[in-house]
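Everything below concerns the one structure shown next.
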Amino acid sequence: MSPLSKEELEKELRTYVGVKTGPPQVGPEPVNESMINHWCEAIGDRNQVYTDPEAAKRSVHGGVVAPPTMLQAWVLRGIEMADPTTMKRNKQTELHQLLSECGYTSVVATNCEQAYSRYLRPGDRVSTTTVIESISEEKATALGIGYFINTRDVFRDQHGEEVGWMTFRVLKFKPNQALQAARGAAAGSGVAAGSGVAPVKPTRMRAPRGHDNAWWWEGIDRGELLIQKCSACGTLRHPPRPMCGACQSIEWEAVRSKGRGSVYSYTVLLHPKFPGYDYPLVCALIELEEGTRIVSNLVGCEPDEVRIGMPVTLSIEKVDDEMKLPLFRPAQ
Ligand SMILES: [Zn+2]
């Protein structure tokens, strides 16, 4: 199967937004005291309204209730969720499959929010409906480039009454080459450890190139630092974007920077250390002579030598086999 282009993929992704992943999932077991006891033991929750029927009877609840945070536990499908041979095809697994086929093979959960409408009691039967609420545009993250997928679950009881909801966000991403290379090197894969051959050097994260900024990166590839200039009012802008913030014109041209500027502000990055970068890393906001600013790395000097206002010159350098970056060095 030939992989889709980015446009085709994103068009396809949009068809999943607002879609129910499938019919309601009914919990395999009704709310029950055994599972509540196990949960409380594992979590270390000693609240007697969950585990002591006598104490619970005397409480405002009049009997045992389930911890509200167990909500999702009542509908989890166990090993079936992780086993592709038994996993039921639904819109969510289909969406993940589509992204995997296009190279976004990894997944990580990033956010979860829950709300509870009432306490669940033994005998309640919980079911859930999941809707794919939104899919982000392609994002560059430390883990790699990918799409954030937000889902919303509504939980109902045996009478169809809502008992709570949950939003869940995952990042479905192309594992960062830099991290992969670092892990490969650490695991001794590719190049045998101790063979005397240098492990593959991890590369820096790739900037996404899209409709609005590819021209700028192509300039860097040619060795030119370009600045976007509004054709209507002449205002310069960076980073590249479709519209002038001063007059809202979408007509623009590009001017080539002479590559001279000064340090407007800076910070020294020490942690966390991403593979592919040398630390300490000086991240500086450079005021270009043309009158606009750009965030870049300052190289060729010690971090404690950097000063606000320090004159710097552009140096477009190959940072690995495939990528050039506009770096700055202290002016001679
Ligand atoms: Zn303008």
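Rule-based calculations on the coordinates, nothing more; no lab input. Quantities reported herein were computed from a predicted structural model and do not represent experimental measurements. Virtual Cβ from ideal backbone geometry, glycine too; neighbours counted across all protein chains shown.
Here are a few things to note about the model shown:
- Extension gain (nm, one decimal) between Gln158 and Ala109, 0.36 nm per residue minus Cα-Cα: 14.7 nm
- Over the Cα atoms of the chain, the radius of gyration divided by the Kirkwood radius equals 1.10; this is the Rg/Rh ratio.
- When only Cα pairs below 8 angstrom with a gap of at least 6 residues are kept, segment 99-162 shows a relative contact order of 30 percent.
- Global geometry of segment 280-332, whether rounded, prolate or oblate, following the gyration tensor of its Cα atoms and the 1.5 cut on a/c: oblate
- Legend: Rg and Dmax of segment 245-329, from Cα coordinates, 14.6, 42 Å.
- Helix 91-101 vs. the chain, principal-axis angle (Cα, 0 to 90°, nearest 10): 30
- Reducing segment 204-244 and segment 1-65 to their Cα centroids gives an inter-centroid distance of 46 Å.
- Theoretical FRET efficiency, 1/(1+(r/R0)^6), r = Cβ-Cβ of Arg329 and Ser249, R0 22 Å, to 0.05: 0.05
- At a Cβ-Cβ separation cutoff of 4.7 angstrom, cysteine residues of the chain with no neighbouring cysteine are Cys40, Cys102, Cys112, Cys283, Cys301.
- Nearest-0.05 FRET efficiency for Lys6 and Tyr116, computed from C-beta distance (R0 51 Å): 0.80
- Length gained on full extension, Val17 to Ser100: 28.1 nm, using 0.36 nm per residue less the C-alpha separation.
- Computed over segment 53-171, relative contact order equals 26 percent, with contacts defined as Cα pairs under 8 Å that lie 6+ residues apart.
- Rounded to 10°, Cα long-axis angle of helix 33-43 versus longest principal axis of the chain: 40
- Cross-link pairs beyond the 24 Å C-alpha cut-off, checked among Lys201/Lys318; Lys139/Lys229; Lys11/Lys324: Lys139/Lys229; Lys11/Lys324
- Where a label projected 7 Å from the Cα of Ser315 along Cα→Cβ would reach, residues of segment 261-304 with amide N under 14 Å: 282, 297-303
- The distance between label points at Ser134 and Thr69 comes to 2.7 nm (points 7 Å beyond Cα on the Cα→Cβ vector).
- Less than 5 angstrom separates the built amide H of Trp252 from those of Ser231, all sequence-distant by 5 or more or on a different chain.
- Protection proxy ranking, highest mean first, for peptides 118-129, 293-304: 118-129, 293-304, where packing is the per-residue count of other beta-carbon atoms within 10 Å, averaged.
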